[in-house]
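**Q** Have a look at this one before I ask anything.
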Amino acid sequence: MSLVLKNLYHTYQPNTPNESHALKNINLTINDGDFIGIIGHTGSGKSTLIQHLNGLLKPSKGQVLVDGVDINQTKGVHLKEIRLRVGIVFQYPEHQLFEETVAKDIAFGPKNLGLNEKEIVKRVKEAMQIVQLDYNTLKNISPFELSGGQKRRVAIAGVLAMKPKYLILDEPTAGLDPKGREEILTQIQMLQKELKLTVVLVSHSMDDVARFADHMVVMKKGEIVLSGKPKEVFGHYEELEQLGVGVPTVTKLMRQLRMRGLDVLTDIITIEEAKNEILRVWQTGGQKNA
């Protein structure tokens, strides 16, 4: 099954002097098990797009299909059920933490589902284990006493405790130090692989998207302007630079090395690939393999 956007448009404040077309003719299919990266300059429509995936926003025109169901039908669709399947973690999710303890905060969603106490505790424990937070150590601690990375994990655990099929993340590493970013993204990749989740990652970091996404979508002024595998998308070097989103750091490095006479490939998007390519060229005296 899948998430499908068909001919999707969204207009803020229609028929007013402040009318703004945030999304224009979006067509996108996200299949089970995909890890999709969505990138674009500020104001490109990324956050507006993901809010359509579980009905937080309704399209001005077009369809949003979750596992074949048009979630904006007037009859027979329960958005509560849709939001159980499609969980969204917004940017700076720790700002949404509010309970007095970590366990209560993570339990908030399952409790609202009407689950019994035994099932709620089970889900809290499972979600904390998934994001590598120790239940016994942290369950009675205030979430506001935790580090930035730990708060982010608590917020993600709160969504995971609802057992979604699709996990949507809006800048999940914003404001974190490099260690915190690495921990969160590695954890998300593990979730995607081990739990067979479908993940949609909105990010400003080209390095992060290059490392973790299987497919990329580039947005500009509410439209999808590029789509494909990371290597394909990052091959549009000049276009991405003009869009203000850039390319991974190592891609820039390899292009600079090429310009300085080193016979390296330039379709390199990760540090590991760059290391292997530089070693190859060094070992072969700068000559490409035939």
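**Q** Where does the charge balance sit around Met219 when Lys and Arg score +1, Asp and Glu -1, over other residues with C-beta under 12 Å from its C-beta?
**A** +3
**Q** I've got another one for you. With semi-axes √(5λ) of the Cα gyration tensor in Å defined as stated, name the option among (i) 36, 21, 18; (ii) 26, 26, 17; (iii) 35, 26, 16 computed from the structure displayed.
**A** Correct label is (iii).
**Q** Whole-Hz Karplus ³J(HN,Hα) for the range 31-47, in order, using 6.51 cos²θ - 1.76 cosθ + 1.60 and θ = phi - 60°, x for Gly and Pro?
**A** After applying 6.51 cos²θ - 1.76 cosθ + 1.60, I find 8, 3, x, 5, 10, 9, x, 10, 10, x, 5, 3, x, 7, x, 4, 5 Hz.
**Q** Let me ask something additional. Computed FRET efficiency, Cβ-Cβ of Glu126 and Asn27, R0 41 Å: what is it to the nearest 0.05?
**A** FRET efficiency, Glu126 to Asn27: 0.70.
**Q** Semi-axes of the equivalent ellipsoid of the range 86-141: what are they in whole Å, largest first, if each equals the square root of 5 times a C-alpha gyration tensor eigenvalue? Please report the intermediate quantities before stating the final value.
**A** Working: eigenvalues 56, 45, 26 Å².
In descending order the semi-axes read 17, 15, 11 Å.
**Q** In degrees, nearest 10, range 0 to 90: what is the angle between the Cα axis of helix 249-259 and the longest Cα principal axis of the chain?
**A** The angle comes out at about 10 degrees.
**Q** Continuing with this model, one more query. Using a Förster distance of 30 angstrom, determine the FRET efficiency expected from the C-beta separation of Gln256 and Gln189, and round it to 0.05.
**A** Numbers: r = 29 Å, r/R0 = 0.96.
E between Gln256 and Gln189, to the nearest 0.05, is 0.55.
**Q** I'd like the Karplus ³J(HN,Hα) series for the range 147-152: coefficients 6.51, -1.76, 1.60, θ = phi - 60°, whole numbers in Hz, and an x wherever there's a Gly or Pro.
**A** These are the phi-based 3J(HN,Hα) values: 6, x, x, 5, 4, 4 Hz.
**Q** The range 157-171 to the range 189-205: how many Å between their Cα centroids?
**A** Distance between centres, Cα-based: 10 Å.
**Q** Still on this structure: Say the dipole of the range 203-281 comes from +1 at the beta carbon of Lys and Arg and -1 at that of Asp and Glu; which of Gly246, Met259, Ala210 then lies farthest toward its positive end?
**A** Met259
**Q** State, to one decimal in nm, how far the label point of Asp267 lies from the label point of Lys6, with both points 7 Å from Cα in the Cβ direction.
**A** A separation of 3.4 nm, rounded to one decimal place.
**Q** Taking the Cβ of each residue in Ile130, Ile271, Ile224 as the centre, tally the other Cβ atoms inside 10 Å and list the residues starting with the fewest.
**A** The fewest-first ordering by Cβ neighbours comes to Ile271, Ile130, Ile224.
**Q** OK, next. For the range 54-118, compute Rh as the Kirkwood radius over C-alpha pairs and then the Stokes-Einstein diffusion coefficient at 37 °C and 0.692 mPa s; write the answer in µm²/s, rounded to an integer. Each step should come with its number before you reach the end.
**A** Details: Rh = 14.1 Å.
The diffusion coefficient I find is 233 µm²/s.
**Q** Give the calculated FRET efficiency between Glu239 and Asn112 to the nearest 0.05, with a Förster radius of 30 Å applied to their Cβ-Cβ distance.
**A** Once the sixth-power term is evaluated, E becomes 0.10.
**Q** Taking the Cα atoms of the range 1-156, what is the range of coordinates along each of the three principal axes, in descending order and whole Å?
**A** Sorted largest first, the three principal extents are 52, 34, 30 Å.
**Q** Amide H to amide H, which residues 5 or more places from His52 or on other chains are under 5 Å from it, using H placed in the peptide plane?
**A** Residues meeting the amide H criterion: Leu57.
**Q** Could you work out [θ]222 nm for the chain from helices alone, using -39500 (n - 2.57) per DSSP H run of at least four and dividing by all its residues? Round to the nearest 500 deg cm²/dmol.
**A** On the way: 12 runs with 115 residues, N = 290.
It comes out at -11500 deg cm²/dmol, rounded to the nearest 500.
**Q** Expressed as a whole number of Å, what is the distance separating the alpha-carbon centroids of the range 232-290 and the range 1-45?
**A** Between the Cα centre of the range 1-45 and that of the range 232-290, the gap is 31 Å.
**Q** Treating only the Cβ of Lys, Arg, Asp and Glu as charged (+1, +1, -1, -1), what charge dipole size does the range 1-115 show about its Cα centre? Round to the nearest 20 debye. Each step should come with its number before you reach the end.
**A** Values: 11 positive and 10 negative charges, 79 e Å.
Dipole magnitude for the range 1-115 comes out near 380 debye.
**Q** What's the magnitude of the charge dipole for the range 221-290 around its Cα centre, counting Lys and Arg as +1 and Asp and Glu as -1 at the beta-carbon? Answer in Debye, nearest 20.
**A** So the dipole magnitude of the range 221-290 works out to roughly 240 debye.
**Q** List Leu5, Leu265, Leu146 from most exposed to least, where exposure is judged by having the fewest other Cβ atoms within 10 Å.
**A** Fewest to most other Cβ atoms nearby, the residues stand as Leu265, Leu146, Leu5.
**Q** I've got another one for you. Taking H placed 1.01 Å from N in the peptide plane, check which residues at least 5 places from Val89 or on another chain put their amide H under 5 Å from its amide H.
**A** Close amide H contacts, sequence-distant or interchain: Ile168, Leu169, Asp170.
**Q** What nm distance separates the two modelled labels at Arg280 and Val225, each placed 7 Å from Cα along Cα→Cβ?
**A** 3.1
**Q** The range 11-73: D in µm²/s via Stokes-Einstein (Kirkwood Rh, Cα pairs, 20 °C, 1.002 mPa s)?
**A** Rounded, D is 163 µm²/s.
**Q** What order do you get for Arg260, Arg83 when you list them from fewest to most C-beta neighbours inside 10 Å?
**A** With the fewest neighbours first, Arg260, Arg83 line up as Arg260, Arg83.
**Q** Can you compute 3J(HN,Hα) from phi for each residue in the range 191-200, using the Karplus curve 6.51 cos²θ - 1.76 cosθ + 1.60 with θ = phi - 60°, rounded to whole Hz and x for Gly and Pro?
**A** Each residue's phi maps through the Karplus curve to give 4, 4, 7, 6, 8, 6, 6, 9, 10, 10 Hz.
**Q** Taking the range 248-290 on its own, what percent of its Cα-Cα pair distances exceed 11 Å?
**A** 59
None of the figures in this text is laboratory data; all of them are computed from the coordinates on show. Given the structure is predicted, the values throughout are model-derived calculations rather than measurements. When we count neighbours, we look across all protein chains shown, and the Cβ atoms used for this are built from the backbone with ideal geometry, even at glycine.
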